[in-house]
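The values are calculated or read from the model by the stated rules, or taken from the named source; none is laboratory data. Quick caveat: nothing in here was measured; it's all calculated off a predicted structure. So basically every Cβ, Gly included, is an ideal-geometry build from the backbone, and we count neighbours across all protein chains shown. Surface accessibility is based on the protein's heavy atoms, side chains included, excluding ligands, DNA and RNA. Shrake-Rupley method; radii C 1.70, N 1.55, O 1.52, S 1.80 Å.
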Amino acid sequence: MKKIPYGRHNITDEDIQAVINVLKSDFLTQGPSIKQFEDAFAKYVGARFAIAVSNGTAALHLNAIALNIKPGDKVITTPITFVASANCVRYCGGEVVFADIDPETYLLDINKVREILENDINKEIKGIIPVNFAGRVVDMEAYRALADEFNCWIIEDACHSPGGYFNNMANQKIMSGSGAYADLSIFSFHPVKHIAAGEGGMITTNDEILYKKILNLRTHGIQQDPEKKIENHGVWYYEMQELGYNYRLTDFQAALGLSQLGRADEGLLRRKEIAKKYESAFKNLSFIKHQSGVIDGHAYHLYIIEVDRRSELVNYLREKNIFVQIHYIPAHLMPYYKQYGWKNGDLPFAEKYYKGCLSLPMYPSLTDLEQEFVIDQIRNFYAF
Ligand SMILES: *Cc1c(COP(=O)(O)O)cnc(C)c1O
């Protein structure tokens, strides 16, 4: 069997043609493909505005600046995420407060977040960054109510959940990234994610003020709206009004992203099929636990199980050319965060989860045969 990774991009001839078309056009960057991708993405998630950026981390950084995180500010997030979710707070000199996960859903536990907010007597906590971990969308309606109570903003890290949703109390389907409750949402187009653009990211929001601010910050803080310029020296004139960055996406990446977006729903259906098959293969086993409370809106970026003898199983599968992965090493236990006082024992559910978690191969082009091979090897290992 050839190498089976945990995640993989899928590039079609149509994708390649879309990139070639841009390479033959007048614009490699700052051209029309950017707005086309942004508009299509905004429509896909049901948000008013979308801003394409160079990667998901840049998206987080721009959000952190736009929300005005300053030294002394604190922001709550989950330790079971890619480190970028937390790092954006540090880029602006803020302090990261990790709160433990719910051991059943693996998501940031809203009750723990509430506890921390209730004990924040000096009102240092300014925001919350929930993560739709593995593709399971958090109940953003509940987070909005909590954030409003404590005057906090919300960044939804939706890197794992394009096309995912949850149902709110009125039983409406609320798309991940729709801006219905979060102030800002972010996505990544790294090849392991649902939509691959090589590198790339997207910010979505319904807030026009934040939208315009981030548009300026994406391009050096140069005012993008001609009417907002303070002076005007002529047709050549541009005006830098604040300190920004170059976090732009190229047009050929945008064209690739747009082409991939056209197949996103198809990919999502395939991911759900794969999930169902894993679920039934490993049902009712004392040594394999699943992410529970699984909902229809799960976008299945990852299919995670918690297992006994995890290290041994990882090595066994590698020998069979199956490259399962661990998501994630708790962020608070990274040497960087340990220097701020975080230590083993601080977040027991996240730490226990890390000891057993395993991400099985999950991507639309995984064949039935390959998936059956993966399942068989796990059966062989545990002999059931
Ligand atoms: C991938 C990812 C990011 C960062 O995105 P990049 O495009 O790699 O910078 C942030 N948060 C989560 C949860 C991710 O999975």
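Might you tell me the accessible area per residue for the range 264-382, computed with a 1.4 Å probe and given in Å²?
Result: 48 Å² of accessible area for each residue.
Give the carbon-plus-sulfur fraction of the accessible surface of the chain in %, rounded to a whole number; probe 1.4 Å, heavy atoms of protein chains only.
Reported share for carbon and sulfur atoms: 52 percent.
Using only alpha carbon pairs under 8 Å that are at least six residues apart, calculate the relative contact order of the range 4-261 and give it in whole percent.
Once divided by the residue count of the range 4-261, the mean separation gives 27 percent.
What ranking, highest mean first, results for peptides 213-221, 191-199, 176-184 when packing means the other Cβ atoms within 10 Å averaged over each residue?
176-184, 191-199, 213-221
Charges at C-beta only: +1 for Lys and Arg, -1 for Asp and Glu. How large is the resulting dipole of the chain about its Cα centre, in Debye rounded to 20?
Result for the chain is approximately 800 debye, rounded to the nearest 20.
Apply the Karplus parameterisation 6.51 cos²θ - 1.76 cosθ + 1.60, with θ equal to phi minus 60°, to every residue of the range 330-344 and state each ³J(HN,Hα) to the nearest whole Hz, in sequence, with x for glycine and proline.
Result, ordered by residue: x, 4, 5, 9, 5, x, 4, 7, 4, 5, 9, x, 5, 8, 3 Hz.
Please label the shape of the chain as rounded, prolate or oblate, based on the square roots a ≥ b ≥ c of the eigenvalues of the alpha-carbon gyration tensor (a/c under 1.5 means rounded; beyond that, a/b larger than b/c means prolate, else oblate).
oblate
Check which residues have an amide H placed less than 5 Å from Arg248's amide H, if you skip close sequence neighbours.
Amide H to amide H, under 5 Å and 5 or more residues apart or across chains, Arg248 pairs with Ser54.
For the peptides 329-338, 343-352, 226-235, what is the packing order when you average, over each peptide's residues, the other Cβ atoms within 10 Å and list the highest mean first?
329-338, 343-352, 226-235
With a point put 7 Å past each Cα toward its Cβ, work out how far Glu279 is from Thr12 in nm, to one decimal.
2.6
With every protein chain left in place, what is the accessible area per residue of the range 4-261 in square angstrom, probe 1.4 Å?
Using a 1.4 Å probe on heavy atoms only, each residue of the range 4-261 averages 43 Å².
From the phi angles alone, apply the Karplus equation (6.51, -1.76, 1.60; θ = phi - 60°) to the range 235-245 and give each ³J(HN,Hα) in whole Hz, x where the residue is Gly or Pro.
5, 7, 6, 10, 9, 8, 9, 8, 7, x, 9
State the number of lysine pairs found in the range 255-330 whose Cα atoms come within less than 21 Å, restricting to pairs 8 or more positions apart or on distinct chains.
Lysine pairs meeting both conditions in the range 255-330 amount to 5.
Under 5 Å between amide H atoms, partner at least 5 residues away or on a different chain: which partners does Ile101 have, H built in plane at 1.01 Å?
Correct list: Asp109, Phe349, Ala350.
Tell me the relative contact order for the range 264-382 as a rounded percent, counting alpha carbon contacts under 8 Å between residues six or more apart.
34
Taking the chain as a Gaussian network, where each spring joins two C-alpha atoms under 10 Å apart, which residue of Thr29, Thr205, Thr78 fluctuates the most?
Thr29
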